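The values are calculated or read from the model by the stated rules, or taken from the named source; none is laboratory data. Computed from a predicted model, the values in this text were never measured in an experiment. Please note: Cβ atoms are built from the backbone with ideal geometry, for glycine as well, and neighbour counts cover all protein chains shown.
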């Protein structure tokens, strides 16, 4: 029974029960996220009752799914002892997402008197959308590209951060004396740097001195190029991924004497 359940809850590989299970979980994920948005409207009591039932059903199903994945983790990692396999699953990224998906339901149930952060806990339900990573190939591809380009992305983001920090400090010293109510500290300068480097330009805080405007122009020009660097890295990652996936498999090697196919490797 464990092997059968393991095959069902794993991503579908043509096995019909697994295919049905995947689409059921997908439907429940979308229903759960939809209920989070719906609850922000002024709904009637019957409508709220419907969404409460959706929350109960989805949370129970997600909880059972988590328990089954924990139970069958030794089949997912057969080379490890059962307890190590389950421990490895518990600390894996997808398992953490699964746990986050059910915590907003169980925390108020187990700790009804603890109201602190209850709204924040309920808002965490929106993170259930991350469960799609297991069931939708497109999202898995995006996650794979981010992982493969993590070093390049981290390097570019660190460089952008230091540029923001540097420009925010310069802008603070350039504008603080003439706009003490706007550039109250370096953090206000950092907010300006973020808005300028990303070319958003909210307009709530801006330089008025000659040096401040010059610095703002330089920062904006640098932002056009620097903020585009992570985009270029991700674009190159997607091109590499689809180039590999579309590459035809190498033809089998054959023995030059008898013509039989030789094993790979």
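Observations
- Lone qualifier among 221, 234 - being touching a residue at least 24 places away in the same chain (Cβ under 8 Å) and out of contact with any strand residue (DSSP E or B) (no Cβ under 6 Å at 6 or more places or on another chain): 234
- Flag for residue 241 being surrounded by 11 or more Cβ atoms within 10 Å (Cβ to Cβ) and either part of a helix (DSSP H, G or I) or modelled with pLDDT under 85 (or both): yes
- Residue, surrounded by the fewest Cβ atoms within 10 Å (Cβ to Cβ), within region 175-190, restricted to residues that are part of a helix (DSSP H, G or I) and modelled with pLDDT under 90: 187
- Residue match in region 197-212 (condition: buried (at least 17 other Cβ atoms within 10 Å of the Cβ), farther than 30 Å from residue 22 by Cβ and within 26 Å of the chain's Cα centre (by Cα)): yes
- Residue satisfying condition, being crowded, with 16+ Cβ neighbours inside 10 Å and more than 18 Å from residue 175 (Cβ to Cβ), within set 226, 215: 226
- Residue match in region 52-69 (condition: touching a residue at least 60 places away in the same chain (Cβ under 8 Å), surrounded by 12 or more Cβ atoms within 10 Å (Cβ to Cβ) and farther than 21 Å from residue 126 by Cβ): yes
- Extreme residue, modelled with the highest pLDDT, among residues of region 15-40 that are out of contact with any helix residue (DSSP H, G or I) (no Cβ under 9 Å at 6 or more places or on another chain) and surrounded by fewer than 12 Cβ atoms within 10 Å (Cβ to Cβ): 27
- Among residues of region 158-174, those that are loosely packed, with under 13 Cβ neighbours inside 10 Å and in contact (Cβ under 8 Å) with a residue 40 or more places away in the chain, counted: 1
- Of 203, 265, all but one fail to be out of contact with any strand residue (DSSP E or B) (no Cβ under 7 Å at 6 or more places or on another chain), over 30 Å from residue 133 (Cβ atoms) and modelled with pLDDT of 80 or more; the exception is 203.
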